[in-house]
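*Asks:* Quick one: the structure is below, and I'll ask about it shortly.
We did not get these values from a lab; they are worked out from the coordinates using the rules stated. Because the structure is predicted, anything quoted here is derived from the model rather than measured. Here the Cβ positions follow ideal geometry from the backbone for every residue, glycine too, while neighbour counts run over all protein chains shown.
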């Protein structure tokens, strides 16, 4: 890796020119020759040889057998808006389950960022994440049908687990994520794109195939080693991942695209933003800039500093362990809304992270 990613054995400094000609040649070949050279050509052969030298398990058949799927989103209706998320192995269904649980409460009457709204959202997140822990896997290996998780009877049962007066539901923590970027785009013809990409853990495994400069990633870190779990590591299987670009439709037409960086925090932040847009009729920028919670583990909840003492005290009274959240733990969101009457684009970009809303 040093010959490709360091300058004379040291990391590049700010303002210094960094060149990676081997990676440039690799990308040019893929652009000119297509995916075949990566999955069935000499690039695959070089990666497999690198893996073998280090005791890895890659085979040429692994590369040749790879396929990308064109999938339909999973959808729920929330207060007359259709919310679309990517199906498993991503965690998009967690946001949908949270919203269906919350739909049984009149959030608007409670007021945005109120202790009542936060309490219900935190508890709904715990319930939905328990389902995530039990069921989420490659959809071809899941033991439940994803739409069954949203049945009216089941949602009512999950909603009943929430106590109005106490932080009653507990769920173990999952680590925050890094190295993800989200982009939303729209055009004058009504097209709307919600796109997310991630390097997962930066330089991944730390292994670099020297001739191509390709880094061997470690997304498989999110497989389970429990052989009874549907996400247990196995052949021809996609591991759980956190990427979940979202879309909202209103009356059958594209209404908004939204998403965020943030790893495992994405479902609870998306639910907060969607509720801000729909329940409290905020603009995208208002919905994104509004203060957030981050349920961490057990009864521990991180709050942004904008939440006042009254909200913190009431949540504490109900049994939440309230702490000041790590500023890096609340994600970085972006959104575009298409005004249903004028067709104007209304953008929002998170002040917590780098990004901006641009029109051209």
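*Asks:* Using packing as a proxy for protection, rank 183-191, 263-271, 341-349 so that the peptide with the highest average count of other Cβ atoms within 10 Å comes first.
*Replies:* Taking the mean over residues of other Cβ atoms within 10 Å, the ranking is 263-271, 341-349, 183-191.
*Asks:* Report, in degrees rounded to the nearest 10, the 0 to 90 angle that the Cα long axis of helix 92-102 makes with the longest principal axis of the chain.
*Replies:* Roughly 0 degrees, rounded to the nearest 10.
*Asks:* For the chain, give the share of DSSP beta bridges that are antiparallel, in percent and rounded to the nearest 5; count only bridges with both residues there.
*Replies:* DSSP beta bridges in the chain are roughly 85 percent antiparallel.
*Asks:* Cα centroid distance between segment 269-292 and segment 340-354, in Å?
*Replies:* After rounding, the separation between the Cα centres reads 11 Å.
*Asks:* Work out how much length residue 283 to residue 14 would gain on full extension: take 0.36 nm times their residue separation and subtract the Cα-Cα distance, in nm to one decimal.
*Replies:* Details: separation 269, 0.36 × 269 = 96.84 nm, distance 3.67 nm.
Working it through step by step, the gained length comes to 93.2 nm.
*Asks:* Here's another thing I want to ask about it. Express as a percent, rounded to the nearest 5, the fraction of DSSP beta bridges in segment 162-303 (both residues included) that run antiparallel.
*Replies:* 95
*Asks:* Further question: Using only the alpha carbons of segment 73-191, determine the length spanned along each of the three principal axes and report them from longest to shortest in whole angstroms.
*Replies:* 46, 38, 32
*Asks:* Any chance you could give the angle, 0 to 90 degrees and rounded to 10, that helix 21-33 forms with the longest Cα principal axis of the chain?
*Replies:* 80
*Asks:* What does the helix-only formula give at 222 nm for the chain: each DSSP H stretch with n ≥ 4 adding -39500 (n - 2.57), the total divided by the residues, and the result rounded to the nearest 500 deg cm²/dmol?
*Replies:* -8500 deg cm²/dmol
*Asks:* In whole Å, what is the distance between the alpha-carbon centres of segment 188-259 and segment 121-164?
*Replies:* Going from one Cα centre to the other spans 21 Å.
*Asks:* Nearest 10 degrees, 0 to 90: what angle lies between the long axis of helix 266-278 and the longest principal axis of the chain (Cα atoms)?
*Replies:* 50
*Asks:* Could you line up 82, 324 from fewest to most neighbouring Cβ atoms inside 10 Å?
*Replies:* 324, 82
*Asks:* Using the number of other C-beta atoms within 10 angstrom as an exposure proxy, rank 146, 7, 83 with the fewest first.
*Replies:* Ascending number of Cβ neighbours within 10 Å: 7, 146, 83.
*Asks:* Then there's this: In Å, the Kirkwood hydrodynamic radius of the chain over pairs of distinct alpha carbons?
*Replies:* 22.2
*Asks:* Write down, largest first, the equivalent ellipsoid semi-axes of segment 213-274 in whole Å, where each equals the square root of 5 times an eigenvalue of the alpha-carbon gyration tensor.
*Replies:* Result for segment 213-274: semi-axes of 30, 15, 12 Å.
*Asks:* When only C-alpha pairs under 8 Å and at least 6 residues apart count, what is the relative contact order of the chain, in percent?
*Replies:* With pairs under 8 Å counted, the relative contact order is 17 percent.
*Asks:* Further question on the same structure: By counting other Cβ atoms within 10 Å of each Cβ, how are 36, 85, 181 ranked from fewest to most? Can you show the working numbers first?
*Replies:* Values: 36 12, 85 24, 181 17.
Going from sparsest to densest Cβ surroundings: 36, 181, 85.
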